[in-house]
Amino acid sequence: MTTEDRGAHRAGPPGSALRLVAYPEAELPGELARQVAGIEGRVWPGSRFGHDPALGPRTLLLVAGDGAVGASLTLLYKEVPCGGRARRAAGLSGVVTRPEWCGRGLGGRLVAGARAELAADPAVDVALFSCDRPLVPFYERAGFERLPGSVLVGGTPAEPLATDGPGFDKEVLAAFFAPGAEGEADRAALSGTRIPLHPGTVDRLW
């Protein structure tokens, strides 16, 4: 029986008992990867764990002392056009909490940890991602901001997938890490616009 199987039948530790760890997705230990895949499969039946290696996926986890995963997400990276120049962007993908541990603040703690990691990375200028509209306050509490009127265009130029497409009820969220006027210029350039993210055919909308 894996840790994922055992974890489904216990209350689990409080949030303070979990530590934040991070791995390049390609180096994620097998047992942790199996747990994440199991949690994602329970929350999103039919989903497949893993991301396009071209996007430099980096997995963040909250892990209990016995190795049980409480929550996970993956950071993805890509340059995007912004005000006539390229900016290094990062996005959040696959944000998920072990279902029986929901309501303990694990997701908020993990997302805030991801924002702190991005803010400390000098290679990242901006975080950009979308979420279902009811989840906007959750991400705002972790330090991200809405970009009203902005649309992320995923997929590829030949086969785009936009956050304002039919059947979507998405909001675009962001955080700007460049200092001073440079960060304000990025915010102005990306607000109220269609942003050609185009991450490809694997992570069509990270």
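The values are calculated or read from the model by the stated rules, or taken from the named source; none is laboratory data. Just so we're clear, the structure is a prediction, and the values are computed from it rather than from any experiment. Positions of Cβ are backbone-derived with ideal geometry, glycine not excepted, and every protein chain shown enters the neighbour counts. Please note that ligands, DNA and RNA were not included when accessible areas were found on the heavy atoms of the full protein model with its side chains. Shrake-Rupley method; radii C 1.70, N 1.55, O 1.52, S 1.80 Å.
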Cα shape, segment 80-206, gyration tensor, a/c 1.5 rule = oblate
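When ligands, DNA and RNA are left out and all protein chains stay put, how many square angstrom of accessible area per residue does the chain have with a 1.4 Å probe? Show your work: numbers first, answer last.
Values: 9260 Å² over 206 residues.
Averaged over the residues of the chain, the accessible area is 45 Å².
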Taking a 1.4 Å probe, which of 48, 115 shows the most accessible area, and what order do the others take after it?
-> 48, 115
What is the extension gain from residue 37 to residue 85, computed as 0.36 nm multiplied by their sequence separation minus the C-alpha to C-alpha distance, in nm to one decimal?
-> 13.6 nm
Accessible surface ranking that places the most exposed of 202, 63 first, with a 1.4 angstrom probe = 202, 63
Rounded to whole Hz, the Karplus (6.51, -1.76, 1.60) HN-Hα couplings of segment 64-81, x for glycine and proline = 6, x, 8, x, 6, 7, x, 7, 8, 7, 10, 9, 10, 10, 6, 7, 10, x
Which far-off residues, 5 or more places away or on another chain, put their amide H under 5 Å from the one on residue 193, with H placed in the peptide plane?
-> 150, 151
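Largest first, how would 109, 58 line up by accessible area (1.4 Å probe)?
Values: 109 95, 58 70 Å².
Accessible-area ranking of 109, 58, largest first: 109, 58.
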What accessible area, in Å² to the nearest ten, does a 1.4 Å probe give for residue 78?
-> 50 Å²
Given labels modelled 7 Å from the Cα in the Cβ direction, how far is it in nm from residue 141 to residue 26?
-> 3.7 nm
Non-local residues with an amide H under 5 Å from the amide H of residue 205, with H modelled 1.01 Å from N and Pro and chain starts lacking one, are 155
Farthest positive-ward along the chain dipole, Cα basis, beta-carbon charges - from 174, 92, 17 | 17
In the Gaussian network model of the chain, springs joining C-alpha atoms below 10 Å, which of 154, 143, 30 carries the largest mean-square fluctuation?
-> 30
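If I take R0 = 25 Å and measure r between the Cβ atoms of residue 102 and residue 191 in this structure, what FRET efficiency does the formula 1/(1 + (r/R0)^6) give, to the nearest 0.05?
Given R0 = 25 Å and the Cβ-Cβ separation, E is 0.15.
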Could you run the Karplus curve 6.51 cos²θ - 1.76 cosθ + 1.60 with θ = phi - 60° over segment 148-154 and give me ³J(HN,Hα) per residue in whole Hz, x for Gly and Pro?
-> x, x, 7, 10, 8, 10, x
